[in-house]
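Encoded as structure tokens, the structure appears first; notes follow it.
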Amino acid sequence: MNSRLLILIGVLCFCAGFIAKAGVLPSTYPELHTVLATAGIKTPEISRFLLFEPVESRKITVILSPLRGKVTAGVDSAGLPGVELLLKSLTNAKKFKAISQSNGEFEFAEPAHGRYELIAFYRGYKTITFELELDSSTPFLSVHLPLLEQQLDNVLIQAEKNPFGVRRLNSIEGTAIYSAKKSEVVDLGSVTGNKSGNAARQVYAKVTGLNVWESDGSGLQLGIGGRGLSPNRTANFNTRQDGYDIAADALGYPESYYTPPVEALDRIEVVRGAASLQYGTQFGGLLNFVLRTAPQEEGIQLESRQSIGTYGYLGTYTGLGWKNGDWSGFAFYQYRRAEGWRENSGFDQHTGYWSSVWQPREAHRLNIALTHMQYLAQQPGGLTDAAFEEDPRVSIRYRNWFRVNWNVLNVGYTWKINSTSRLEFRNFGLLATKDALGETGPINRADPLGPRDLLSDVFRNAGSEVRFLHRYRTGRDGSAFVAGTRIYHGRTLRKQGLADDGFGPVFVYNNPEKLENSDYRFPSANYSAFAENIFQITDKLSVTPGIRYEYIFTGSDGYYRQQTYDLAGNILLDTTYDELAENRRQLLLGGIGAAYRWNENEETYANISQNYRAITFNDLRIANPNFEVDEDLRDERGFSMDAGYRGEKGRWLRVDVSVFLLYYRDRIGQVLATDSITLRTYRLRKNVADSRAVGLEAFAEMDWIGALSPIEHRSRLSTFINLGITDARYIRSDEPAIDGNMV
């Protein structure tokens with residue numbers, strides 16, 4: 001049986017082979033020629049398949065239709081048109097190309113059976129590659145292209161260093177708008193000067209139009225002003241550190257006895273009078289000290305600098321920055337001492353700062369900062385013109401001392417709501433003391449060596465600010481809106497009486513229960529709200545209007561004594577006057593500015609803003625035998641205007657030219673008056689006149705190497721000019737000795 005079966009199979013195979021070689025196939029397989037030819041098998045080889053001869057790496061698969069599919073941008077997304085697709089055979093060199101249509105569908109024209117590699121490419125999306133095996137049951141293909149993205153490690157982007165050392169603020173920074181305002185930023189890293197000694201004339205050398213007073217040799221107190229405003233303790237500026245108040249009392253006593261060490265600063269921001277709408281009503285504008293921050297990368301950074309100088313000067317500074325995960329911080333300590341250039345002008349100062357930042361996510365940032373400063377200085381007293389001409393280093397006061405203790409706390413929170421909105425909270429408080437001890441009589445009189453006057457102030461205030469900024473689009477151009485509120489409460493305790501008749505710094509009253517001069521409490525409160533908006537009219541022209549509402553309360557509660565002496569020094573009259581006064585007022589300030597940006601580096605701007613200055617505690621009461629205060633004293637009002645051009649040419653030329661007008665109503669000043677009873681001559685503080693200040697402020701700096709060389713150099717040889725011309729005069733005054741005179 002087996003033999004007969006084998007013989008039958010052999011005969012059938014022989015017949016089939018003969019038919020195949022003759023080129024004749026049974027009529028029941030009319031498609032087989034085409035199918036096998038498509039698979040790359042020639043007709044003479046058909047017999048090998050029919051004879052079951054093994055062919056290596058071959059497989060017969062029947063494909064009777066084109067390969068179709070659709071490309072989408074992810075699952076359940078619309079089709080992507082224009083996607084390039086390549087189908088490469090893994091068994092031979094054949095390739096098939098296709099491009100997706102408007103609905104994302106594609107088609108390959110009848111590829112053969114077998115294993116293939118499909119590649120899909122589209123700009124902006126990730127290129128994908130995968131293998132597939134085609135057979136008669138191959139389904140409709142769905143190809144999903146993901147967006148081209150990659151998770152990177154932390155990347156530190158560092159801006160190019162400003163070659164000029166001074167620049168302007170951007171139109172929007174943080175939660176503030178500076179468009180169309182005159183502003184300067186002093187980058188301390190580019191300043192060459194005596195940073196240890198806080199040399200103000202070197203630090204602010206490139207800020208246009210400033211007037212600098214240096215009342216001591218080592219920058220214990222900063223005194224800058226401009227446009228006809230007094231530089232005395234920078235009282236005409238809204239003085240801040242990292243955006244929060246550091247002055248004694250923002251309304252009643254805006255003087256600042258604390259100045260951050262230049263060695264610890266990253267930059268100083270100066271915005272002129274137009275800052276009144278966002279930061280406060282001061283005529284001078286904003287002065288903001290920005291301290292250094294934690295390092296950008298994980299780890300610890302330590303810096304230490306030691307300085308010595310003439311007249312016994314010693315300065316030491318140590319800064320520490322750290323970053324570890326979500327936590328980072330910066331701290332510094334500075335100690336300085338000197339004997340002083342004049343006799344009796346030595347000092348000893350300590351300053352410390354600590355800040356810590358917690359940022360668990362990019363959108364949320366919580367920071368806490370504490371500042372402490374204290375110093376003791378001996379004051380050599382003033383000089384008459386004749387004494388100064390004879391010897392400017394002489395001192396005829398050697399029992400006068402000055403002591404300051406300053407503490408500031410700030411807690412801030414920033415929330416980046418999204419890419420267009422940002423919310424910021426600042427909560428700050430100040431606890432500080434100031435003590436002045438010495439002989440306060442006229443400088444043309446010798447020290448009588450009797451009991452000394454002791455003036456003691458205690459400042460306690462706290463405030464909270466909320467600011468919200470939102471960017472939005474008007475057509476093709478971007479605009480921005482900022483709004484904020486401020487709540488502020490202050491309380492100043494001021495005493496003046498007699499202390500011992502010694503020589504040292506003993507700040508103790510002889511009669512603390514009944515002071516010889518005065519004892520006052522000065523409360524203050526301020527509630528305000530503001531809003532500003534940048535309207536981007538075109539891609540070059542923007543208009544920025546703004547408005548601010550203020551509620552101000554100031555008061556006084558206390559007593560002062562007046563004593564009249566005869567020529568022998570005996571008391572003829574001793575009277576105590578009790579005072580209780582309150583002053584509440586509301587005001588609305590407005591302003592508008594416009595800027596035209598010629599290109600990325602050139603801009604023309606103009607603005608006008610209203611300003612306001614409340615009566616200070618010094619204006620209300622000065623217990624000094626040489627001064628008195630007018631009972632009808634009024635607040636000061638006015639406005640400021642700016643117009644200018646600023647721009648840069650490459651890295652070798654910077655120009656900033658502007659003109660200004662500052663109008664001041666009811667300006668407070670001093671006039672000589674005579675007591676009708678005692679015929680004593682004294683200085684009377686009162687509203688003496690209106691005033692107006694006009695002027696030109698110009699700055700230009702050129703790097704000669706950059707201007708003359710066709711290639712960029714790391715070396716610089718620069719020249720700069722800082723020009724300020726101010727004409728400030730009293731107008732409309734009832735005092736003939738003042739009307740028309742210069743301020």
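The values are calculated or read from the model by the stated rules, or taken from the named source; none is laboratory data. Keep in mind that what you see is a predicted model, and the values were worked out from it rather than measured. We place every Cβ from the backbone using ideal geometry, glycine too, and count neighbours over all the protein chains shown. SASA here: full protein model, heavy atoms, side chains in, ligands and nucleic acids out. Shrake-Rupley method; radii C 1.70, N 1.55, O 1.52, S 1.80 Å.
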Checklist entry - If r is the Cβ-Cβ distance from R634 to L370 and R0 is 41 Å, what FRET efficiency results, to the nearest 0.05? => result 0.60
Next on the checklist: Give the residue list of GluC sites (Glu not before Pro) in segment 522-618 that are DSSP loop and have at most 12 other beta-carbon atoms within 10 angstrom.
Outcome noted: E600
Checklist entry - So what are the ³J(HN,Hα) numbers for segment 203-219, from phi and the Karplus equation (6.51, -1.76, 1.60; θ = phi - 60°), rounded to whole Hz, Gly and Pro as x? => result 5, 9, 4, 9, 9, 6, x, 7, 10, 10, 9, 10, 7, 9, x, 9, x
Checklist outcome for this item: Rounded to one decimal in nm, the spacing of the 7 Å Cα→Cβ label points at R361 and R123 is 3.5
Checklist entry - For the chain, what does -39500 (n - 2.57) per DSSP helix run (n ≥ 4), summed and divided by total residues, give at 222 nm, in deg cm²/dmol to the nearest 500? => result -2000 deg cm²/dmol
Item to check | Under 19 Å from K514, Cα to Cα: aspartates and glutamates that are on another chain or at least 8 residues apart | outcome: D435, D453, D457, D500, D501, D557, D574, D578, E579
Checklist entry - What order do you get for 499-512, 79-92 when each peptide is scored by the mean count of other beta carbon atoms within 10 Å, highest first? => result 79-92, 499-512
Checklist entry - When DSSP assigns beta bridges and you keep just the ones with both residues in the chain, what percent turn out antiparallel, to the nearest 5? => result 95
Checklist outcome for this item: Long-range amide H partners of I537, meaning residues 5 or more apart or on another chain whose placed amide H is closer than 5 Å, are S542, V543
Next on the checklist: Accessible area of the chain with a 1.4 Å probe: how many percent of it is carbon plus sulfur?
Outcome noted: 55
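Please give me, ordered by residue number, the trypsin sites (Lys or Arg not before Pro) of segment 431-464 that lie in loop per DSSP and have at most 14 other Cβ atoms within 10 Å.
R445
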Next on the checklist: Using the Kirkwood radius over C-alpha pairs as Rh, can you work out the diffusion coefficient of segment 441-521 via Stokes-Einstein at 10 °C, viscosity 1.306 mPa s, in µm² per second?
Outcome noted: 91
Checklist entry - Which of the trypsin sites (Lys or Arg not before Pro) found in segment 355-428 are loop residues per DSSP with 16 or fewer other Cβ atoms within 10 Å of their Cβ? => result R393, K416
Checklist outcome for this item: Beyond 27 Å (Cα-Cα) in this structure, taken from K195/K495; K195/K434; K181/K416; K126/K323, we find K195/K495; K126/K323
Next on the checklist: Using a Cα-Cα cut-off of under 13 Å, which aspartates and glutamates could be cross-linked to K206, ignoring same-chain neighbours fewer than 8 residues away?
Outcome noted: E184, D187, E269, D656, E697, E701
Checklist entry - For the chain, with every protein chain kept in place, what is the accessible area per residue (1.4 Å probe, Å²)? => result 52
Item to check | Unit charges on C-beta of K, R, D, E only; dipole of the chain, Debye | outcome: 2520
Checklist entry - Expressed as a whole number of Å, what is the distance separating the alpha-carbon centroids of segment 629-650 and segment 699-743? => result 17
